[in-house]
Structures are given as C-alpha cells and as structure tokens.
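*Asks:* The structure follows.
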C-alpha cells in the first residue's frame, strides 16, 4: 500500500501500569495490522531515559502514556476507540496516496 507505514509513537514509563497496558495493547494491534506488510511503524520512548525525555519535551508530553499517530496526539482510552482512530488514519493514508 502506497503511503504506508504510518507512524505511531508511544511515550511510556517503566513504573507506569497504564503505560504497560497501553504498550501491550498497541503492540498486539500493530502486529496484527502488520501481518503481511508493514502498515504501522511503532516507535516507543521511555521518558525515564535521556532520549525519551528530550523527545517528550519536544512534543509537549506532560504525562504518560501518550500516543501520537502520524504526528497527531491521540487523546482517549487505548482500546476499541483508539483502534478505530488508527484504522481511519491507515485508510486515509492509503486514499491520499492512490
């Protein structure tokens, strides 16, 4: 599919239970979406590292978990609503590239 993969960036902290849950859910969905071809590129930053902290500062992240899809901050629960949002981003990317 032209225009893919889209980029999903997850900011997390090792001591954050919500971050670990979000990481598991997002990683599982990305694996499912990528079966056969890379549709989504998942990038993870641990804000407890220097690199992760600097990247979080650049994007204005103040709490974790924080998720960006194609540069847009996702605000909401990580679950069905997020996966629908992600699906629309993928569909939109394919449509604009064809």
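Here, each number is a calculation from the coordinates, and none is a lab measurement. Remember, predicted model here, so these are calculated numbers, not experimental data. Virtual Cβ from ideal backbone geometry, glycine too; neighbours counted across all protein chains shown.
*Asks:* Cα axis of helix 50-59 to longest principal axis of the chain: angle in degrees, 0 to 90, nearest 10?
*Replies:* Relative to the chain, helix 50-59 is tipped by roughly 60 degrees.
*Asks:* Quick check on the chain: helices-only [θ] at 222 nm, where DSSP H runs of length 4 and up contribute -39,500 (n - 2.57) each and the sum goes over total residues. Nearest 500, please. All intermediate terms of the calculation are to be shown ahead of the outcome.
*Replies:* On the way: 3 runs with 45 residues, N = 98.
So the helix-based figure for the chain works out to -15000 deg cm²/dmol.
*Asks:* How far is it, in nm, from the label point at residue 83 to the one at residue 37 when both lie 7 Å from their Cα along the line to the Cβ?
*Replies:* Between residue 83 and residue 37, the simple spin-label model gives 2.1 nm.
*Asks:* Which order do the peptides 20-28, 53-61, 8-16 take when ranked by the mean count of other beta-carbon atoms within 10 Å per residue, highest first?
*Replies:* Values: 20-28: 15.6, 53-61: 13.9, 8-16: 18.9.
Result, highest mean first: 8-16, 20-28, 53-61.
*Asks:* I've got another one for you. Two decimals is fine: what is log10 I(q)/I(0) at q = 0.17, 0.18, 0.22, 0.24 Å⁻¹ for region 6-97, from a Debye sum with one equal scatterer on every Cα and no solvent?
*Replies:* Calculated log10 I(q)/I(0) at the listed q: -0.70, -0.78, -1.13, -1.29.
*Asks:* Could you quote the convex hull projected area for region 11-58, Cα atoms only and averaged over all directions, in nm²?
*Replies:* Mean projected area of the Cα convex hull: 3.6 nm².
*Asks:* Taking 0.36 nm per residue of separation and subtracting the Cα-Cα distance, what length does fully extending residue 20 through residue 91 add?
*Replies:* My answer for the length gained is 22.8 nm.
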